[in-house]
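Note sheet for the following structure.
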Amino acid sequence: MDSRDDETTAAPTRTASIGSKMSTKEDTVAEKSQDIEVQAQLPAEPLLPPLEGRRAWLMATGGFLGLFATFGFTNGFGAYQNYYLQQYDTTSATISLVGGLQVAMLYLGGPFSGRAVDVFGPKLVIGTGTIICTFSLMMLSLTSAIWQVFLCQGLLYGIGMSFVFFPCISMPATYFLRHRGLAIAFVTCGASLGGVIWPIMLSRLLREVGFGWSTRISAFVVLVACGAATIILEPRVAPKRGQSIIPDFSLLRKKSFLALLLANCIGYFALFGPIFNIQSRAVSLGVRASLTPYILPILNAVSLLGRIIPGMISDRLGPMNTWTMANFLGAIVIFAAWIPSHNELGILWTAALYGITSGAWVSVLPGCVPRLAGPENVASSFGLLYFMSWPGGLAGAALGGLFIHPNAENAQVGYQRAGILWGCLLLASTCLVIVSRLLHNSKLLAAE
């Protein structure tokens, strides 16, 4: 009897517990439905601009204009190099340091300007750089001593370049995925086109209106091009306002990214050497005076192909594989063309071939960054990448210039020794790119 009574009393208890569970589930469902209704009433988060499309290519055009006015001006430094050698009693290595300082300041500011883009957006950063670049060229037009040239064209213009370059190279990359390599190649073509136009324009202006007004006209061109880039470029991801602008160096813990930085650093010791010195070598080889001013524009014009075609290839084979080939072929061109050149035809071939490989070197490298570092904080990662380039940017051309004495009887021996140095450095860079590629993905046939 007792057991039956227990079962009888237990049955209502189980029924009550089941009922309470059902009511609890109903309450939970009701609460969830209320949450959904509340969320539906909240304002939706703004959608990101779509990848690819007209807007994306407009951003790429803005980046193109910014690089035309900054890196394009640097690619045309050979015209100034030739002029300064005639005007000032100094060595080729010293003059090369002006262009080297310009590049070094660009890269030294990379982590800070890149981080500033992530925090404040591109417009404020590019606008600041536009003012600095224009002011520095106006001051350069008034210089009369080589130390003043160092301050204006080397130091101040390099700082302004840093504020313009990193937003222009990083912002368009965030608007592309499938055609990112081609888009970055198009942006870097601004530097190549600038390298074609600036030397021709400066050579003509220096002869016809003198140094002062040729530099002031250049300042107005920079103001218009960088001003247009300021108006056009917009961030795809909202700026992280309120965060610190101190650079984030945590990416350096990633071995594949660190190897890429070292490859870039060593490669920059070689990259600008032939570009800065090819015009003075043409003079030392006795190339016709009517042709000499066009040697550097030929190099930069051909580099347009070296930027676009490898950019398209990198979308299929992967940017790291393509950049490895660009490094290796650059070394081959120096050993096979620069070193044995001894006449007008040889220097023309060197200009054309090195234009292709150097164009590929510059255009494919930025595509490696999102692959290794990820799309987040893309401007900061670009800043870190190019920050590691400043030693090569500063000392690379000048290091080769130590061997070069354009007015000496054995001037060609100096150019050849500098070529051996540059070629070996590019081979070392190639080896480090391979290490970075294998650390990222050990599959040899992967499109990385």
5 Å is the cut-off here: which amide hydrogens, built 1.01 Å from N in the peptide plane, fall below it relative to Leu177, excluding neighbours closer than 5 in sequence? Glu52
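If you rank Asp118, Asp89 by fewest surrounding Cβ atoms within 10 Å, what's the result?
Working: Asp118 26, Asp89 6.
Going from sparsest to densest Cβ surroundings: Asp89, Asp118.
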How would Tyr157, Tyr415 line up from fewest to most surrounding beta-carbon atoms within 10 angstrom? Tyr415, Tyr157
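Counting other beta carbons within 10 Å of each residue's own, what order do Lys443, Lys123 fall into, fewest first?
Numbers: Lys443 8, Lys123 18.
Going from sparsest to densest Cβ surroundings: Lys443, Lys123.
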Per-residue HN-Hα couplings for segment 413-428, Karplus 6.51 cos²θ - 1.76 cosθ + 1.60 at θ = phi - 60°, whole Hz, x for Gly and Pro? 4, x, 5, 5, 5, 4, x, 4, 4, 5, x, 5, 5, 5, 5, 5
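Only the coordinates and a few stated rules stand behind these numbers; no lab work does. This structure is a prediction, so every number in the text was calculated from the model and none was measured. Cβ atoms come from the backbone with ideal geometry, glycine included; neighbour counts cover every protein chain shown.
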